[in-house]
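Read-outs throughout are calculated quantities, based only on the coordinates presented, and are distinct from any laboratory measurement. Because the structure is predicted, anything quoted here is derived from the model rather than measured. Because the Cβ atoms are built from the backbone with ideal geometry, glycine has one as well, and the counts that use them run over all protein chains shown.
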Amino acid sequence: MVDSKFAILIVDDEQDTREMLTSGLRRKGYMASSVVSGEEAIEEIKKNKYEIVILDIKLPGIDGIQALEEIKKLKPEIEAIMITGYSSIEAAIVSMKKNAYDYVEKPISIDKIVLIIEKALEKHRLMETVALYEISKAIFSTIEFDELLQIIVDLTMKVLRSDDAAVMLFNEEKKLYIAISYALDEQIAKETKLAVGERIAGWVAERCQPVILINGLKNDIRFQGIQGRENIKSALVVPLTKNNQVFGILTVNRISIVDNFNNGDLYKANIFASLVSLALDNANLYKELQKAKNQFIRSSEELKNNDAVVMSTFVELKKTNEELQFSQKQLMQSGKLAALGRLVSDMAHEVNNPLMVISGTAQLSLMESLTVKEIRDNFQTIVSECVRAKEIIDRLLRFSLPSKGEFKEVDINNVIKSIVSLVKHQFELTGVVVGERYADNPLLVLVDEKQIQEMILNLLNNAKDAISGKGTISIATYVKENLVRISIEDSGSGMSDEVLNKLFNPFFTTKDKGTGLGLSISQSIIKNNSGQLHFQSVPGVGTTAIISLPLRKRQA
Ligand code: ADP
């Protein structure tokens, strides 16, 4: 069975020959149809796609040779087989000069003509393959998007014998814009933005269906409203698709070329459009890849900068650790603050947590499958965990540095006043009012002033953290028996019994960025200064921290 995709047109005024050929070729599996004159043949070829024409040289009206000339002008790729009588050998030679493929003499047998048809088809296939090969070679010669658009327009005009062509693509707003046009006025090209369904391009995009226009724009209502193209005689509008989705439109126009496009051209345009779609998709992918590559390079630069932040935090962390080891040794040697020894070993454990997060996240970042955003997020985690680890160490260092035995007699009112003056204004800016009430007389205590200051500052900060929005903190000093009492009362969230029980546990915190070290260290400090620290708290009402220190009697 013959590939029925090939169509044959029989042109003969003799009814017998016509019918014999038509039915005989159909039986052999060809798509065969017939007309009686050269004029009819030309009209038919304009409208429909044929690979082969079997032409009688002797025809009424224009003869077979004239018809051949016209057909070759319209469709040079059509192979023509001429039918000659005994007396028309000369005419057969003329037709061969005019590019007929072959000729057969009457009387014709089907077998004889099928042999010629098969050879002609073979040549036709070969020519199509060569043409397609040439076209695809040209189309796939570049991957650069803009260069490709230019090649497409040039080739379209050549392949489809037209004097204008354009490619429209969808922009981000899902509107068709003119990516390239051979002859359209630049301003009009720039301003044209068509929604799906709008004008002929939108119509084709909406239905994913090609359209052919013949005999001028007025002939087809769908072509109304085209700007700068009022003189189009014939046009092809073909969708460009990927996975059955329209991503653009190819338009081909004949303006000064008088012949209309025919179904054969439309068929060719469809094949051409599928090649164009493939090439544009490749180029687009390449463009996206280039964009992603550039973005990746930019992000890696940023990441490198981030890297620098992480590195410097690591270096600082290492330095702080060394300092810590040194002070730990000093502490242990002096035998003072033994409780801190336990704290330090707890701290080693606690600092290990952020370090585990850091090393885990860093390892995760080394995996190739992560997106740039994921890598950036990981670096963010690393940076904040480094900061947290460093804060823990800093905090501990500040408290654990040896006091060098700097116990001295101070008026606790003055110590508190100096601390409050530091924070009062800042607290009030956030709506927290600080009230102060001091015992009249100087309240002398023998303490390590720096440590006591740190401790009170920590308690004030905790009180403020417990207040969301507006609130009050009242600090008061008084004497009860032989003890100086400092109370810090806040109108904050208060604490549940569960929190109260864990309050002095090193690293216990309910805050996002807390270290959980403030109170455990405060407790060590207060013990070191022969005092006590207590809390009273009512959930939802507030908390009061009470510090007791031995009152020193002024020497007479
Ligand atoms: P951190 O400052 O990291 O939270 P602290 O040792 O200072 O560590 O405090 C431990 C926890 O005790 C806090 O996270 C908080 O839950 C609770 N806390 C301390 N002071 C108060 C307060 N005045 N009001 C309510 N809760 C408090």
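So the values come out like this:
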read-out	value
Relative contact order computed over the stretch 459-556 (Cα-Cα under 8 Å; 6+ residues apart), in percent	31 percent
Whole-Hz couplings from phi, Karplus 6.51/-1.76/1.60, listed for the stretch 191-201; x for Gly and Pro	7, 6, 9, 10, 7, 4, x, 8, 6, 5, 5
Calculated diffusion of the stretch 165-288, Stokes-Einstein form, Kirkwood radius summed over Cα pairs, 37 °C and 0.692 mPa s, µm²/s	224 µm²/s
Full-extension gain in nm, Glu186 to Asp220, via 0.36 nm per residue minus C-alpha separation	9.7 nm
FRET efficiency, Glu374 to Lys174 (Cβ-Cβ, R0 35 Å, nearest 0.05)	0.75
Residue list for the stretch 417-434, given a label point 7 angstrom along the Cα-to-Cβ vector of Gln453 and an amide N cut-off under 16 Å	417-424
Paramagnetic reach from Lys511 (point 7 Å along Cα→Cβ, amide N under 20 Å) across the stretch 425-453	425-435, 451-453
Among Val204, Thr142, Met168 - extreme Cα towards positive end, dipole of the stretch 84-214, charges at beta-carbon	Val204
Stretch gain in nm, segment Tyr286-Asp163, where the contour uses 0.36 nm per residue and the Cα spacing is subtracted	41.3 nm
Chain lengthening between Glu498 and Met96 when straightened (0.36 nm per residue, less Cα-Cα)	134.0 nm
In order through the stretch 418-424: 3J(HN,Hα) via Karplus (6.51 cos²θ - 1.76 cosθ + 1.60), integer Hz, x for Gly, Pro	5, 5, 4, 4, 5, 9, 3
FRET E, pair Ala195, Val383, Förster distance 41 Å, beta-carbon r, rounded to 0.05	0.30
Theoretical FRET efficiency, 1/(1+(r/R0)^6), r = Cβ-Cβ of Asp111 and Ile271, R0 35 Å, to 0.05	0.60
The stretch 450-556: trypsin sites (Lys or Arg not before Pro) falling in loop per DSSP and having at most 11 other Cβ within 10 Å	Lys470, Lys511, Lys513, Lys553, Arg554
Pairs of Lys in the stretch 402-493 closer than 25 Å at Cα, counting only those 8 or more apart or on different chains	14
Where GluC sites (Glu not before Pro) fall in DSSP loop in the stretch 442-522, at most 10 other Cβ within 10 Å	Glu481
Spin-label model distance (nm) - Asn243 vs Ser421, 7 Å beyond Cα toward Cβ	7.2 nm
Under 30 Å between alpha carbons - lysine pairs in the stretch 115-221 that sit 8 or more apart or on different chains	17
